[in-house]
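Working notes for the structure below.
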Amino acid sequence: MFDPSKIRAITLDLDDTLWPVAPTIAGAERAMQDWLAARAPRAAALLAHLAQRMALRDAVVAQTPQCAHDMSALRRNIIALALAQSEEPAHWCEPAFEVFYTARQNVTLYDDAQPALARLAARFPLLALTNGNADVHLVGLGAYFCGSVGAHTRGQPKPHRAIFDAAAQHLACSNEEVLHVGDDAHLDVVGAMAAGMQAVWLNRRGEAWAHGPASPHLTVHTLNALCDALGV
């Protein structure tokens, strides 16, 4: 049962919760490929094709499995492998990654995101909890957050309990006092509930719940509806 009276802090997923991630990543990949095309055209051609890019990703994860949950390290290693296979200069790896990373922070917020963050932050400490490598400060939302916990810092991504425990510790709260909000039914909702948190499913597309008998404490279609449910 959703119980706002127990909530002392809120953790928020970022990608596909505050902005759609697919166009953001697609734009960042195009920017990186365009930059590389003038300097390492064979690597750029490799990275421009989805099947080849996924093959590079699989090879990197097989060689360095610790990178699987660190999106920045994974991206760097994919670029480095593309350069190596293309026999092009390795020194282009870091600047190419920086082009990607800068463009990756260029997000288009959902219309409800910023107004809702302002309402929530006026009442609760907000902590970003993400498996990705978006930076709340670089996307322009840092003023609403007291910090960030990511899979790359914990070594385990959502839905593992460790990352939710780390978030509660960062907030100096018990898990029961934290409300987690996210779009992914399994990674966000099932993971948070298994960690003893209250969980809100931000179900923007009106999907059916298909993850067992334990349903979210609250399901909303917009962040404004979450604010209303919390009375903020």
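Only the coordinates and a few stated rules stand behind these numbers; no lab work does. It should be emphasised that the depicted structure is a prediction, and the values quoted were computed from it without experimental measurement. In this analysis, Cβ positions are derived from the backbone assuming ideal geometry, glycine residues included, and neighbour counts consider all displayed protein chains.
Between the beta carbons of Gln156 and Leu109, assuming R0 = 25 Å, the FRET efficiency works out to 0.35 to the nearest 0.05. From largest to smallest, the equivalent ellipsoid semi-axes obtained for segment 91-180 from the alpha-carbon gyration tensor read 25, 19, 9 Å. All other residues whose Cβ lies under 15 angstrom from that of Leu109 are scored, Lys and Arg at +1 and Asp and Glu at -1, for a net of -4. Ranked for footprinting exposure by Cβ neighbours inside 10 Å, fewest first, His170, His69 give His170, His69.
In segment 38-77, which residues have a backbone nitrogen under 19 Å from the label point lying 7 Å from Ala194's Cα in the Cα-to-Cβ direction? Within reach of a label on Ala194: 68-70.
Rounded to the nearest 20 Debye, what is the dipole magnitude of the chain about its Cα centre when Lys and Arg each give +1 and Asp and Glu each give -1 at the C-beta?
Magnitude of the dipole: close to 160 debye.
Modelled this way, with points 7 Å down the Cα-to-C-beta line, the labels at Arg8 and Ser174 are 0.9 nm from one another.
Within segment 22-104, the proportion of Cα pairs with more than 17 Å between them is 39 percent. Listed by Cβ neighbour count within 10 Å, with the fewest neighbours leading, Ile79, Ile10, Ile25 appear as Ile25, Ile10, Ile79.
Annotation for segment 129-232: chymotrypsin sites (Phe, Trp or Tyr not before Pro) lying in DSSP loop with at most 15 further Cβ atoms inside 10 Å of their Cβ are Trp209. Close amide H contacts of Val200 (hydrogens built in the peptide plane, cut-off under 5 Å, sequence separation of 5 or more or a different chain): His180, Val181, Gly182. Computed from the alpha carbon atoms alone, the convex hull of the chain holds 121 Å³ per residue. Considering only Leu56, Ala73, Ala26, the residue lying farthest towards the positive end of the dipole of segment 22-104 is Ala26, judged by Cα position with unit charges set on Cβ.
Annotation note: GluC sites (Glu not before Pro) in segment 125-221 located in DSSP loop regions with a Cβ neighbour count of at most 16 within 10 Å are Glu207.
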